[in-house]
Amino acid sequence: MFKTPIIITLVMLSVIIATLSNGIIAAACSLFAFSLLFYLVSTEKKHKSHRD
């Protein structure tokens, strides 16, 4: 329910930090953002399959 807006906010924050920083910090923030997105997509698929 309200987990999705928090994850999207964290993804946006990670992307902004990755854009403004250099080197390993940018790489780590990008990896974190994509990991959160994959987590969100996988949990959404599980919830939709249980509803059907």
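Laboratory data are not the source of any read-out in this text; all were calculated from the coordinates shown. None of the values given here were measured: they were computed from a predicted structure. Note that each Cβ is placed from the backbone with ideal geometry, even for glycine, and that neighbours are counted across all protein chains shown.
Quick rundown of the values:
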quantity: Gained length - residue 35 relative to residue 12, 0.36 nm times residue gap less alpha-carbon distance; calculated: 7.0 nm
quantity: Simple label model, 7 Å out from Cα along Cβ direction - residue 42 to residue 25, nm; calculated: 2.9
